[in-house]
Amino acid sequence: MKGFEAMMNEKTIDFSKLIPQEWYEAIRPYWKKEDEILLVNNLSQIIRTEEIAPKFQDIFKAFELCSFDATRVVILGQDPYPTLGHAHGLSFSVPNDVEPLPKSLKNIFKEIKRSIPEFRIPKTGDLTSWAEQGVLMLNTILTTQVGVIAAHKNCGWETFTRATLRAVNSKQNEVIGLFWGAAAQKMCELWRNEQFVLKSSHPSPLSVYRGFDGCNHFSEVNKILTLINKNPIDWNTSHG
């Protein structure tokens, strides 16, 4: 992947070079060229005038850590954490040195522990180990302005995310989709098999009580994976 400085020197953004090739080729048939150009233009302007979260080089980390062929679960949230240093390219995940953990992530850990008693609540919030097991952790919007919630809504990310979901859902093997919050649930219709769709409210403290608390998504994912003869996800993080 080219670094931020190289991209700025070229004064352009080329998604075919930023996104891992297998992912770009899978997404391309579902992403109109005009939609790609719109996002390129908007994002080019944004990164020249704003500090963004996550950092430019981390925008597509979810795709780098979880290959297209290995994807078996998708977690879809809303938009990246706006707090400086929190977002690092995996929805709901934060780097190891972030303290205290975001409240949404704390609620996620509480829900895992509630439904899977043997789960060990970690001290850090890096969810890289989930991605390495085939969990694609996305948001409907992949960037935001530091300090501003959903700043980049309607700049073009939504069409990219929808194309990604269509690509994943075209796979021969069934993939489980977890849709958390209203923005994510608007994309549920893209899933081919309703038996592989799990929906709830967002784990934010503002909405966790509306359905996320007690949703059993993490235990349900492993039940489904076991039924289709796939290994369950070890939700324990490697840093806990």
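Taking the options ARG114, ARG120, name whichever one is in a helix (DSSP H, G or I), surrounded by fewer than 21 Cβ atoms within 10 Å (Cβ to Cβ) and of a type in the set (Lys, Arg).
ARG114
Which ones in region 188-240 are farther than 25 Å from LYS106 by Cα and not in a helix (DSSP H, G or I)?
Within region 188-240, TRP191, ARG192, ASN193, ILE228, ASN229, LYS230, ASN231 qualify.
Do you know which residues across region 151-167 are touching a Pro at 6+ places or on another chain (Cβ under 9 Å) and either under 17 Å from PHE179 (Cα atoms) or without any contact (Cβ under 8 Å) to a residue 40 or more places away in the chain (or both)?
Within region 151-167, ALA163, ARG166, ALA167 meet the criteria.
Quick check on region 94-111. Is at least one of its residues surrounded by fewer than 19 Cβ atoms within 10 Å (Cβ to Cβ) and under 14 Å from the mean Cα position of the chain (by Cα)?
no
Looking at ILE141, ILE228, which one is modelled with pLDDT under 95 and among the hydrophobic types (A, V, I, L, M, F, W, C)?
None of the others qualify; the one that does is ILE228.
Look at GLU25 and say whether it is part of a helix (DSSP H, G or I) and modelled with pLDDT under 95.
No; evaluated as a whole, the condition is false for this residue.
Check whether at least one residue in region 78-93 is at positive phi, exposed (fewer than 15 other Cβ atoms within 10 Å of the Cβ) and part of a loop (DSSP other than H, G, I, E, B), and report yes or no.
Yes, the conditions are met somewhere in region 78-93.
The values are calculated or read from the model by the stated rules, or taken from the named source; none is laboratory data. In this text the structure is predicted, and so the values were computed from the model without any measurement. Note that each Cβ is placed from the backbone with ideal geometry, even for glycine, and that neighbours are counted across all protein chains shown.
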